[in-house]
Structures are given as structure tokens and as C-alpha cells.
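Colleague: Quick one: structure below, then a few questions.
The values are calculated or read from the model by the stated rules, or taken from the named source; none is laboratory data. Owing to the predicted nature of the structure, the values given are computational and were not obtained by experimental measurement. No Cβ is skipped: glycine too gets one built from the backbone with ideal geometry, and neighbour counts run over all protein chains shown.
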Amino acid sequence: MIGILIELFISWALLRLFEKRNLEALGIELSTKRLKYLGIGILFPMLYYTILFLVLSYVGKNPYYLNTNYSSAKFLDAFGYVFRSVAFETLIFQGVLLYMLIKHFGSRKAILISAVSFGIYHWFSWNLFGQLFAMLITFLTTGIMGYLWAMAFDKSKSIYLPFAIHFGFNFTSMVLFSKDKNIGQQILIQTYTIDTYSPGSLVSILLLACYFIGFPILLFLYLKKIR
């Protein structure tokens, strides 16, 4: 949490020094519209990926069940981890630096720079150097999401929307459905370690397309409608 406070202070200092503005430039003052962005941003990915994960488990004959060893303490730890990690990344890639890039270079160039930086950042955070295929896939998948997070900031003029979408995405896959093993098993866990359907089947390919492509397309269409 101290790191986030330091980021906020640096953001404020950069805005005061170079733009003569305060943190309101990031759209942090709450309003009805920004509360709406928070709600939609969190619920949209949660609903999409909840449906997708349940369909995947049904097709793969690998149902989820409630983790009986789960506790409120584990939930608070996981919630705090997701909140801090998302807030940390949002402030770096969809915060003051993106605001300044948009102001001085325009939205298109700024969003692209943010997306490329977000993709490269995950090479470091996931320690992927030397794994060329993993680096390429990670750059593409996280870069696309980074592009959409940056686009969300630009369209809404507030840091809340990219934070909310990012948080909803991570919370669903890391806490609700235990898809990320870095923080252990969470609320819902699958019966078997491996799904029963063939990895190369048409069904698996379609479902993977829904996972990696479906949500970005829907989110892009939503963001395009924001005026």
C-alpha cells in the first residue's frame, strides 16, 4: 500500500511540475458518471468470464466446486493482493504518464505507447526472458489489454474505468475461479487438474478464441460508444 501512496505522490508532483494541475487531471473526483464507470467496469468482465469459465468447465467435464477450506481471511488477502497489483499497474500505465502523452502526442500515439510498454512490462514481471514464444504470446495478449485499459482512460477521462475493468478481470480469474496459481486456490476450484476434451478440438479452439479475443472485442465496441 505504501508503494501506491508513493505513486500517487509522484503523480501529483509530475502534474504540478509539468502541467500545473492536481490529481483531478486523472479524473479521481467521484461523480455519478464515474461511479457508473466503476460499476460497469467491474461487472462487465466478471459476468463475461464467469459465463465463459462455467461453459469451459461444462464442455471439459471438469466442474467447479466450492473450496471448503476457504476462509474470510484468505479472501481478504487475495482481494488486497488483486487490488494493490491492479492499482499499481493502473497508476503507472493509465495514470499521469498516459495523461501527459495524450496531451502532447495525441490519443492514438499515447495509447499505442502505453500498450507496448504494458506488454514489455510483463516480460519483467513474469520473468519470461529467454522464452521467445512465451514472450511473444505475452506481449500480444497483455499488450492488447493494455491498449484497451489506456483507451478506457482516454474515453472516460478518468482512471476509474481502466482500474475497474482490470480489477474485474483479475478478480474473476484469480480469486473467484482460481485460474491464477500464484495466489493459490481460491473460492471455486475445479474437480480435475486437466480438462477431458482434446486441446486441439474445434470446441477448445473456439473457447480459447472467446477467452483471448471475445472479451477484447466486446470491450472495444463498448469503449467506442463512450462520448
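Colleague: Would you confirm, using the coordinates I've provided, whether THR90 is in a helix (DSSP H, G or I), at pLDDT below 95 and within 13 Å of the chain's Cα centre (by Cα)?
Modeller: Criteria not met by THR90.
Colleague: Among what's in segment 24-56 and is closer than 17 Å to ILE226 by Cα and small (Gly, Ala, Ser), pick the residue that is surrounded by the most Cβ atoms within 10 Å (Cβ to Cβ).
Modeller: Only one residue fits best here, namely GLY41.
Colleague: Please enumerate the residues belonging to segment 87-103 that are surrounded by fewer than 21 Cβ atoms within 10 Å (Cβ to Cβ) and within 23 Å of ILE2 (Cβ to Cβ).
Modeller: Across segment 87-103, the qualifying residues are ALA87, PHE88, ILE92, LEU97.
Colleague: Then there is this: Pick out the one residue from ARG84, ARG21 that is surrounded by 13 or more Cβ atoms within 10 Å (Cβ to Cβ), of a type in the set (Lys, Arg) and part of a helix (DSSP H, G or I).
Modeller: The unique qualifying residue is ARG84.
Colleague: Assess whether LEU206 counts as being assigned to a helix (DSSP H, G or I) and modelled with pLDDT under 80.
Modeller: So LEU206 passes the test.
Colleague: Sticking with this structure for a sec: So TYR65 fits all but one of (1) aromatic (Phe, Trp, Tyr); (2) assigned to a helix (DSSP H, G or I); (3) more than 20 Å from LEU161 (Cα to Cα); what number is the exception?
Modeller: (2)
Colleague: Please find, within segment 127-143, the residue that is farthest from PHE93 (Cα to Cα) out of those that are part of a loop (DSSP other than H, G, I, E, B) and not small (Gly, Ala, Ser).
Modeller: Going through the qualifying residues, I end up with GLN131.
Colleague: Report, by residue number, each residue of segment 1-32 that is more than 18 Å from GLU89 (Cβ to Cβ), in contact (Cβ under 8 Å) with a residue 24 or more places away in the chain and charged (D, E, K, R).
Modeller: Scanning segment 1-32 gives a single hit, GLU19.
Colleague: Continuing with the same structure: Under the condition of being part of a loop (DSSP other than H, G, I, E, B) and touching a residue at least 12 places away in the same chain (Cβ under 8 Å), which residue from segment 144-183 is surrounded by the most Cβ atoms within 10 Å (Cβ to Cβ)?
Modeller: Ranking the qualifying residues of segment 144-183, first place goes to ILE159.
Colleague: Right, another one. Any residue at all in segment 29-37 that's of a type in the set (S, T, N, Q), in contact with a strand residue (DSSP E or B) (Cβ under 8 Å, 6 or more places away or on another chain) and either closer than 25 Å to PHE118 by Cα or modelled with pLDDT of 90 or more (or both)?
Modeller: No - not one qualifying residue is present in segment 29-37.
Colleague: Just to be sure before I move on: is SER57 at pLDDT 90 or above and among the small types (Gly, Ala, Ser) in the structure I sent?
Modeller: Spelling it out, it is not the case that SER57 is at pLDDT 90 or above and among the small types (Gly, Ala, Ser).
Colleague: Give all pairs with beta carbons closer than 6 Å in which a residue from segment 64-84 that is within 16 Å of PHE177 (Cα to Cα) meets a residue that is hydroxyl-bearing (Ser, Thr, Tyr); count only pairs at least 6 apart in sequence or on separate chains.
Modeller: Taking only residues 6 or more apart or on different chains, the pairs are TYR64/SER57.
Colleague: Related question: Mind telling me which of the residues PHE79, PHE53, PHE75, PHE105 ends up being among the aromatic types (Phe, Trp, Tyr) and more than 21 Å from MET174 (Cα to Cα)?
Modeller: Selected residue: PHE105, the only one of PHE79, PHE53, PHE75, PHE105 that is among the aromatic types (Phe, Trp, Tyr) and more than 21 Å from MET174 (Cα to Cα).
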